[in-house]
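These notes concern the structure reproduced below.
The values are calculated or read from the model by the stated rules, or taken from the named source; none is laboratory data. Everything numeric in this text was worked out from a predicted model, so none of it was measured. Neighbour counts run over all protein chains shown; Cβ positions are idealised from the backbone, glycine included.
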Amino acid sequence: MFALLIDVTRCVGCGACVAACCEANGLPLEEGADLGPYHYTVVRKVRTRRGEVYYRLLCMHCLDPACASVCPIGALKKRPDGPVTYNASICMGCRYCVQACPFEVPRYEWNSRAPKLGKCSFCAERLQHGQVTACAEACPTGATLCGERNELLKVARERIAAEPGKYLPKIYGEREVGGTSVLYISHVPFRTLGLPEHLPLEPLPGYTGRALSQIPPLVGSAGIVLAGLWWLTDRKAEVARAERETRSGGRR
Ligand code: SF4
Ligand code: SF4
Ligand code: SF4
């Protein structure tokens, strides 16, 4: 299974990963853009006691993704080689995935009559053709590496062991929510990077699965209908919210 290792200590904030992602996915490159339906990864800067720290965010490609577990029609799927892929052609826009994601990754297209999600695809087609992800290929410092997950865990452990005074003794994503295909090592606390700490180590679908198993099949079908109704009624509020955010400079 493929993974990405993001070494925050090596990120210089050059943005080459973002530019490569936009090019690979035919997306507009906008300076300062946040994660969004047309921006699958971002580089952020935070001031810390250890100086300015650059880091990037993207879908974590969870090993057992909560987003896929709540999708009523299977538009999101975890592939055996790592990527969590999204099939826009069958997505009905209920946005349960947006609510379920513990990393607040999927972003919804609000200015469309047939709104869809936007998120990193882990360059699934490139992986299939034996290439690394576009972002990893473009990174000049080794801050983003693409490779086999177990190999990257080994690299992460070696880097931490070689410089224990520099790195925190933890690989973020090794165990959180059952493990993710995007892994982080860092010299500043992960919460500083906006990565939630104290997440359950059990896959989140374990929780949703237990709840859903209590629901009879008929109610499940009704849930799909209700999801559609919910979308129709919530859509107006979403557009109003997005317009407010646009006026105030917000992007989510
Ligand atoms: S980070 Fe969120 S969107 Fe990405 S796979 Fe995990 S649950 Fe799904
Ligand atoms: S893996 Fe591909 S789609 Fe995801 S952030 Fe990197 S370049 Fe973009
Ligand atoms: S290309 Fe590498 S060094 Fe540059 S911003 Fe992206 S992760 Fe950081």
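Need the failing condition index for S181 against (1) hydroxyl-bearing (S, T, Y); (2) within 15 Å of ligand 1 (Cβ to nearest atom); (3) surrounded by fewer than 18 Cβ atoms within 10 Å (Cβ to Cβ), just the number.
The one condition S181 does not meet is (3).
So which residues in region 174-197 are in contact with a helix residue (DSSP H, G or I) (Cβ under 8 Å, 6 or more places away or on another chain), β-branched (V, I, T) and more than 17 Å from L145 (Cβ to Cβ), if there are any at all?
V177, V188, listed by residue number.
With V188, V177 as the choices, which residue is assigned to a helix (DSSP H, G or I) and either modelled with pLDDT of 95 or more or under 24 Å from C120 (Cα atoms) (or both)? Steps first, please.
Values: V188 fails: assigned to a helix (DSSP H, G or I).
It is V177.
For region 61-78, enumerate the residues that are farther than 19 Å from E176 by Cα and either surrounded by 20 or more Cβ atoms within 10 Å (Cβ to Cβ) or within 15 Å of ligand 2 (Cβ to nearest atom) (or both).
Residues satisfying the conditions are C71, A75, L76.
Does V43 fit the bill of being assigned to a strand (DSSP E or B) and either within 14 Å of ligand 2 (Cβ to nearest atom) or touching a helix residue (DSSP H, G or I) at 6+ places or on another chain (Cβ under 8 Å) (or both)?
Details: assigned to a strand (DSSP E or B): yes; either within 14 Å of ligand 2 (Cβ to nearest atom) or touching a helix residue (DSSP H, G or I) at 6+ places or on another chain (Cβ under 8 Å) (or both): yes.
So V43 fits the description; yes.
Working only within region 116-175, note down all residues that are surrounded by fewer than 18 Cβ atoms within 10 Å (Cβ to Cβ), under 21 Å from the mean Cα position of the chain (by Cα), within 16 Å of ligand 3 (Cβ to nearest atom) and farther than 28 Å from L76 by Cα.
G142
Tell me which residues, restricted to region 99-115, are crowded, with 16+ Cβ neighbours inside 10 Å, farther than 22 Å from E202 by Cβ and either touching a Phe, Trp or Tyr at 6+ places or on another chain (Cβ under 6 Å) or not hydroxyl-bearing (S, T, Y) (or both). Talk me through it step by step, then tell me what you get.
Residues of region 99-115 crowded, with 16+ Cβ neighbours inside 10 Å: 100-103, 105-110, 115.
Okay, now just the ones that are also farther than 22 Å from E202 by Cβ, so 107-110, 115.
Passing the criteria: R107, E109, W110, P115.
Would you point out the residue of region 98-119, among those that are in contact with a strand residue (DSSP E or B) (Cβ under 9 Å, 6 or more places away or on another chain), within 9 Å of ligand 1 (Cβ to nearest atom) and not hydrophobic (A, V, I, L, M, F, W, C), that is nearest to R56 (Cα to Cα)?
Taking region 98-119 first, the residues in contact with a strand residue (DSSP E or B) (Cβ under 9 Å, 6 or more places away or on another chain) are 98, 101-103, 105-109, 115-119.
Among the residues that remain, those that are also within 9 Å of ligand 1 (Cβ to nearest atom) are: 98, 101-103, 105-106, 117, 119.
Subsequent filtering for residues that are not hydrophobic (A, V, I, L, M, F, W, C) retains 102, 106, 119.
Numbers: P102: 17, P106: 15, K119: 14 Å.
Filtering first and then ranking leaves K119.
For region 1-51, which positions are β-branched (V, I, T) and within 16 Å of ligand 1 (Cβ to nearest atom)?
In the first step, residues of region 1-51 are kept if they are β-branched (V, I, T); the result is 6, 8-9, 12, 18, 41-43, 46, 48.
Passing the criteria: I6, T41, V42.
Can you find a residue in region 61-70 that is in contact with a helix residue (DSSP H, G or I) (Cβ under 7 Å, 6 or more places away or on another chain), β-branched (V, I, T) and under 25 Å from L145 (Cβ atoms)? Write out each step before concluding.
Taking region 61-70 first, the residues in contact with a helix residue (DSSP H, G or I) (Cβ under 7 Å, 6 or more places away or on another chain) are 62-64, 66-67, 69-70.
Those still in the list that are β-branched (V, I, T) too: 70.
Checking the rest, the ones that are also under 25 Å from L145 (Cβ atoms) come to none.
No - not one qualifying residue is present in region 61-70.
K77 is checked against (1) within 14 Å of ligand 1 (Cβ to nearest atom); (2) more than 28 Å from C139 (Cβ to Cβ); (3) basic (K, R) and fails just one. What number does that condition carry?
It is condition (2) that K77 fails.
Would you check if Y96 is aromatic (F, W, Y), within 14 Å of ligand 2 (Cβ to nearest atom) and crowded, with 16+ Cβ neighbours inside 10 Å? Explain how you work it out, then say what you get.
On the way: aromatic (F, W, Y): yes; within 14 Å of ligand 2 (Cβ to nearest atom): no; crowded, with 16+ Cβ neighbours inside 10 Å: yes.
No; evaluated as a whole, the condition is false for this residue.
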